[in-house]
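Here's the structure we're looking at; comments come further down.
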Amino acid sequence: MAMDGDTRPNDLSAFWMPFTANRQFKKNPRMFVSADRMHYRTDDGRDVLDGTAGLWCCNAGHNRPKIIEAIQSQAAELDYAPAFQMGHPKAFELATKLVDMAPEPFSHAFFTNSGSESVETALKIALAYHRVRGEGTRTRLIGRERGYHGVNFGGISVGGIVNNRKFFGSLLTGVDHLPHTHLPEKNAFTKGQPEHGADLADELERIVALHGPETIAAVIVEPMAGSTGVLIPPKGYLKRLRELCTKHGILLIFDEVITGFGRLGSSFAAAHFDVMPDLITCAKGLTNGVIPMGAVLATSQIHDAFMQGPEEAIELFHGYTYSGNPIAAAAGVATLETYREEGLFERAAELAPYWEEAVHSLKGLPHVIDIRNMGLIAGIELEPIAGQPTKRAFSAFLKAYEKGVLIRTTGDIIAMSPPLIIEKEHIDTLVGTLADVIRELD
């Protein structure tokens, strides 16, 4: 990569940064100024290996020519078109490619602008679906402890990460939560899916008995929980959850904002686990992180329930100014084509065993109390410093950055999810550097 000039802003005060320790950052900023394939370039001229695909989103790596050219061409041809009562070809092309990539029976795509909006959309579709079918008493939503479903009010209501919820009032009413599936006393250092915990899905029966099935609209879970620290579903857990939702007439929503587009070695986790929900949310990898965009995938059963009444009537009173934005749609088409042409999902599946052995080589290092993995994703849990939760992992994040590797932390858990174009030597560098970092931790 070419050397960059002095690009650091001379005033950092105006930007209130998201999910960031603003005061700490602005005392010693970490600035990326360019990126290419597996690496970022910092403003002081260092290359940093991307161990997180940006924020779980740059699955095809950075600076991909097909995606860049698609954006440039689309901007020159059609920059924006109204999203309501009007259309443009790229949105329909992307929807077709997306449902072709998705497992059966998903046949329709509703476009949003982020994972958070995809969750809100899926929850609203679920509520409206029951209403249009004459089951308007189904208004309750069931999430899961430690679940992450974005940061809008619906998402934090069904979500189960405490700090994302406790500052923002009473949230939505009529929400309950399943227990999380993290059982370190039984499943620590499991490679792939753990053996214990499928029975935790049966907690849905208790919730149904408490409220009555006729009051529950949907259950939403991440098939593999990412932002809470990489929690892999126990064997049989998702299948059991599907069976119980079907039994009680409850819609099952998979939040695949992280697991979609090859992260586990398949197009979606639904295909990977062979468990089909009723709705799938996605975003991030849909446009390779280049432009904000998300989607909700629906079955014909869901979609067709709305296609009643006069043809000129609006069927779903929901949408966004930028639903199916032309430039985002062009980026999405080029991204899906890049995945297919380069066989990146298959590549992720082929690399997964090498990745698994590499990350589990960290077992036995100081402070490492668990390692979890699936596909090209891993969580390394560190023992917290007494009275100072999160400090040890954040120190690892800073040390790794200094050594030229980008990782992500949540609590005292290190999460890694590299671009699917990663090579074995990159894996060796990423894990080897992380091992050095862990050995240096207090």
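Tabulated data for the structure shown
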item	result
Protein-only accessible surface order, largest first, of H182, H149 at 1.4 Å	H182, H149
Computed magnitude of the charge dipole of the chain (debye, nearest 20; Cβ of K, R +1, Cβ of D, E -1)	1000 debye
Farthest toward positive dipole pole in segment 70-224 [+1 Lys/Arg, -1 Asp/Glu at C-beta], among G174, A201, H88	G174
For a label point 7 Å along the Cα-to-beta-carbon line of I369, residues of segment 218-247 with backbone N under 13 Å	none
Solvent-accessible area of D11 with every protein chain in place, 1.4 Å probe, in Å² to the nearest 10	90 Å²
Approximate spin-label separation L210-E383, in nm, with each point projected 7 Å along Cα-to-Cβ	3.5 nm
Distance from segment 169-185 to segment 29-88 (C-alpha centre basis), Å	34 Å
Heavy-atom accessible area ranking, 1.4 Å probe, most first, across H303, H62	H303, H62
Distance-filtered residues of segment 106-130 - backbone nitrogen under 16 Å, label point 7 angstrom along E315 Cα→Cβ	106-111, 122, 125-130
Net charge over other residues, Cβ less than 12 angstrom from the Cβ of E357 (K, R count +1; D, E count -1)	+1
Total formal charge among the other residues, if their Cβ is under 14 angstrom from that of Y339, Lys/Arg +1 and Asp/Glu -1	+2
Of all accessible heavy-atom area on the chain, the percent that carbon and sulfur account for (1.4 Å)	53 percent
Reach of K399 by Cα under 16 Å, taken over aspartates and glutamates that are not fewer than 8 positions away in the same chain	D47, D50, D412, D436, E440, D442
Rough spin-label spacing in nm, given labels placed 7 Å along Cα→Cβ, for T137 and E346	5.2 nm
Separation between Cα centres of segment 227-249 and segment 310-369, rounded to whole Å	20 Å
Considering only the chain, percent of DSSP beta bridges that pair antiparallel, nearest 5	65 percent
Per-residue SASA entry for E145, accessible area with 1.4 Å probe, Å² rounded to 10	80 Å²
Label corresponding to Cα extents along the principal axes in Å when calculated from the structure given, among (i) 90, 54, 37; (ii) 85, 41, 38; (iii) 63, 56, 44	(iii)
Partner aspartates and glutamates for K247 [C-alpha distance under 19 Å; skip if fewer than 8 residues away on the same chain]	E135, D176, D199, D202, E203, E205, E214, D274, D278
Candidate lysines for bridging to K186, where Cα separation is under 21 Å - those fewer than 8 sequence places away on the same chain excluded	K235, K239, K363
Farthest positive-ward along the chain dipole, Cα basis, beta-carbon charges - from A329, I314, S157	S157
Approximate spin-label separation E243-K26, in nm, with each point projected 7 Å along Cα-to-Cβ	5.5 nm
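The values are calculated or read from the model by the stated rules, or taken from the named source; none is laboratory data. What you are looking at is a predicted structure, and each value in this text was computed from that prediction instead of being measured. Positions of Cβ are backbone-derived with ideal geometry, glycine not excepted, and every protein chain shown enters the neighbour counts. Areas reflect the complete protein model, heavy atoms only, side chains present, ligands, DNA and RNA absent. Shrake-Rupley method; radii C 1.70, N 1.55, O 1.52, S 1.80 Å.
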